[in-house]
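There's a structure below that I have some questions on.
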Amino acid sequence: MCTFQMKVLTWLDWFHTVKLIPISNVEAQRVAPQLQREQLLEAIHCISQRGRIYRGARAIRFLGLRMPLLVPLALFLWVPGVIWVAERVYMWISRNRHLLSRLFGCKQACALLPERKRP
C-alpha cells in the first residue's frame, strides 16, 4: 500500500474499523501467510474478520462499505461489470505507479509504505 492510500484510508476510517499493516511489519506475514511479498506489492489487500481476502478494487469496495464517505463508491462498484473495469484500472495504476508519481509530482507519496504507528 502506498503512503497516499494509507493516509486517505486513515482519514476516512472514522470508526477505526481498519487496521493497516505495512509489508515491512512482521505481523503481515503472520496475518496472511498465504500471501507472497510480490502479491502484496502489486495491490492493496484486505482480510475480513472471517478470513476472506479481498485484493485491489475489491478491497476498496469492501472497505468502502465500512467508511461513510466511500459508501457511494462501494455501491457503484457493485453494479454488474463495474468491478471488472475497476480491477483493470487498479492494476494499470499499480503497475505504473512510479511513472504516475513522477508525472504528477507525488515524489515519495507512492513509495512503499514505511512502518509507522496509526494515530
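Nothing in this text is a laboratory measurement; each read-out follows from the coordinates by a stated rule. Fair warning: this is a prediction, and the values are worked out from it, not measured in the lab. Neighbour counts run over all protein chains shown; Cβ positions are idealised from the backbone, glycine included.
Using a/c under 1.5 as the rounded threshold, could you call the range 1-73 rounded, prolate or oblate? The axes a ≥ b ≥ c are square roots of the C-alpha gyration tensor eigenvalues, and prolate needs a/b larger than b/c, oblate otherwise.
Prolate, because a/c is 1.5 or more and a/b exceeds b/c.
Something else: Neighbouring Cβ atoms within 10 Å as the yardstick, rank R97, R50, R58 fewest first.
Final ranking by Cβ density, sparse to dense: R50, R97, R58.
Quick one: 3J(HN,Hα) in Hz for the range 82-94, Karplus 6.51/-1.76/1.60 with θ = phi - 60°, rounded, Gly and Pro as x.
Once θ is set to phi - 60°, the couplings for the range 82-94 become 5, 5, 4, 5, 4, 4, 5, 5, 4, 5, 5, 4, 4 Hz.
What whole-number distance in Å separates the alpha-carbon centres of the range 62-88 and the range 1-55?
Each part reduced to its Cα centre gives a spacing of 17 Å.
Based on other C-beta atoms within 10 Å, arrange Y54, Y90 from fewest to most. Working shown, then result.
Details: Y54 17, Y90 20.
Taking fewest neighbouring Cβ atoms as first place, the list is Y54, Y90.
Which of F76, F15, F62 comes first, and how do the rest follow, when ranked by fewest Cβ neighbours within 10 Å? Don't jump to the answer; show the numbers that get you there.
Numbers: F76 13, F15 8, F62 18.
Sorted ascending by nearby Cβ count, the order is F15, F76, F62.
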